[in-house]
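Let me begin by presenting the structure, written as structure tokens, before commenting on it.
The values are calculated or read from the model by the stated rules, or taken from the named source; none is laboratory data. Quick caveat, the model's predicted, so the values are computed rather than measured. Here the Cβ positions follow ideal geometry from the backbone for every residue, glycine too, while neighbour counts run over all protein chains shown.
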Amino acid sequence: MEILVALDQTTLAPTVLAKAVEVAKREGASLTILCVAEVFQDFGDYFDAAALSDKLLEGVKTAAEGYKAQAQKLGLTPKLVVESGVSPADLIVDKAEKIKADLIIMGTRGKKGMDRFLTGSVAAAVAGHAPCSVLVLR
């Protein structure tokens, strides 16, 4: 069995990782940690989107190494993947397809009201397009 855990830099990420490690250990599964750095579109002269995206990627790489260390402390050595792109949901689904994941585990920020409709939900998009089951934690 192959489990893909998609982690961001929210306060829920350590809980999601702990659940993923628990499930992987129970099922004798391999675990891949995927962290995505969102790339921002160019907004002209207002700010340097490339520099912001590079800075975010460095932060995501640092967080990803911390997640890998946390998984190792919990008794599992995961594979670690850091990617960057415009659509985190697309990157998660693509990675799940490539590694032939049997399960994706991820968290949700629980956006409400207009926020949910204006910005969408990565978890909802992944659940709707994933090639496997998706466990979404709150």
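Do you know which of the residues in the stretch 36-46 that are farther than 17 Å from V136 by Cβ and in contact with a helix residue (DSSP H, G or I) (Cβ under 9 Å, 6 or more places away or on another chain) is modelled with the highest pLDDT? Per the criteria, the residue is A37.
The residue pairs whose first member lies in the stretch 51-77 and is free of Cβ contacts under 8 Å to residues at least 40 places away in the same chain, whose second member is of a type in the set (S, T, N, Q) and surrounded by 17 or more Cβ atoms within 10 Å (Cβ to Cβ), and whose beta carbons are closer than 6 Å, counting only pairs six or more residues apart or on different chains, are L57/S84.
The rows are residues; the columns are (1) modelled with pLDDT of 95 or more; (2) of a type outside the set (F, W, Y); (3) not in a helix (DSSP H, G or I).
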position: L80; (1), (2), (3): yes, yes, yes
position: D90; (1), (2), (3): yes, yes, no
position: K100; (1), (2), (3): yes, yes, yes
position: I105; (1), (2), (3): yes, yes, yes
position: G110; (1), (2), (3): no, yes, yes
position: M114; (1), (2), (3): no, yes, no
position: L118; (1), (2), (3): no, yes, no
position: G128; (1), (2), (3): yes, yes, no
position: L135; (1), (2), (3): yes, yes, yes
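Counting only residues that are under 17 Å from the mean Cα position of the chain (by Cα) and part of a helix (DSSP H, G or I), which one in the stretch 23-43 is surrounded by the fewest Cβ atoms within 10 Å (Cβ to Cβ)? Checked the stretch 23-43; the qualifying residue surrounded by the fewest Cβ atoms within 10 Å (Cβ to Cβ) is V23.
For L56, state whether it is touching a helix residue (DSSP H, G or I) at 6+ places or on another chain (Cβ under 6 Å) and farther than 27 Å from P131 by Cα. Against the criterion (touching a helix residue (DSSP H, G or I) at 6+ places or on another chain (Cβ under 6 Å) and farther than 27 Å from P131 by Cα), L56 does not qualify.
Residues in the stretch 1-11 that are of a type in the set (A, V, I, L, M) and buried (at least 17 other Cβ atoms within 10 Å of the Cβ): I3, L4, V5, A6, L7. Of the residues making up the stretch 11-31, those that are touching a helix residue (DSSP H, G or I) at 6+ places or on another chain (Cβ under 9 Å) and in contact (Cβ under 8 Å) with a residue 60 or more places away in the chain are A13, A20, A29. All of (1) surrounded by fewer than 16 Cβ atoms within 10 Å (Cβ to Cβ); (2) over 16 Å from V23 (Cβ atoms); (3) modelled with pLDDT of 95 or more; (4) in contact with an Asp or Glu (Cβ under 8 Å, 6 or more places away or on another chain) hold for A49 with one exception: (3).
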